[in-house]
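Written below as structure tokens is the structure these notes are about.
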Amino acid sequence: MKTKHTITALIFGILFVACKQEKKESLLKEYLIGSWETTYLKIEYLSANETDSTSVFEDDFSKPSSGKAQSTYKNDGTFTAWFVQADGKKVSETGGKWKTSGDSLFVDYSYLGKQVQAWYKITQTNNGFSATSTYDWDSDGEDDDTLLMKTKKIEL
């Protein structure tokens with residue numbers, strides 16, 4: 001009899017955790033649907049240009065003369081991303097697929113002739129989200145580069 005109760009409790013616990021995880025994924029997906037603008041980006045390349053040197057790319061997009069990276073995530077699992085130059089011209093538009101799992105965003109898109117399949121750990125903020133990722137951003141064959149991105153929600 002004790003075994004039946006244990007098994008029942010275990011099954012209920014697994015179902016509860018699975019439902020909670022599914023709800024969390026659904027909430028993140030709902031949160032991400034809409035338009036976003038990158039406000040800050042930092043990438044650390046640990047083995048830049050196939051050396052043992054670290055190189056850092058950092059951009060604070062709040063400067064009036066800087067371009068803006070923007071994106072729109074749709075409910076159907078597709079997204080578009082582009083840059084808006086300082087003169088307002090939209091360039092380098094690309095599109096792809098996206099999905100969430102737990103606290104992560106997975107994206108799959110083509111950019112500059114390269115297929116990018118990356119994931120980001122998402123942390124919601126007051127007016128947007130922060131994303132962190134480890135990926136081969138410098139295309140040197142090593143998934144050792146770290147990215148930090150901050151965004152804000154925008155209306156288009």
Of the criteria (1) modelled with pLDDT under 70; (2) open to solvent by 50 Å² or more (accessible area, probe 1.4 Å), which one A48 fails: (2)
Selection within region 102-156 - surrounded by fewer than 13 Cβ atoms within 10 Å (Cβ to Cβ), basic (K, R) and closer than 20 Å to K68 by Cβ: none
Residue match in region 91-98 (condition: surrounded by 16 or more Cβ atoms within 10 Å (Cβ to Cβ), touching an Asp or Glu at 6+ places or on another chain (Cβ under 6 Å), over 14 Å from Y31 (Cα atoms) and not hydrophobic (A, V, I, L, M, F, W, C)): yes
Residue satisfying condition, being modelled with pLDDT under 85, farther than 17 Å from S130 by Cβ, within 21 Å of the chain's Cα centre (by Cα) and of a type in the set (K, R), within set K74, K23: K23
Within region 102-120, tally of residues that are over 11 Å from the mean Cα position of the chain (by Cα) and among the polar types (S, T, N, Q): 2
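The values are calculated or read from the model by the stated rules, or taken from the named source; none is laboratory data. Note that the structure is a prediction, hence the values are computed from the model and not measured. Glycine gets a Cβ as well: all are built from the backbone with ideal geometry, and neighbour counts include every protein chain shown. The area values use the complete protein model at the heavy-atom level, side chains included, leaving out ligands, DNA and RNA. Shrake-Rupley method; radii C 1.70, N 1.55, O 1.52, S 1.80 Å.
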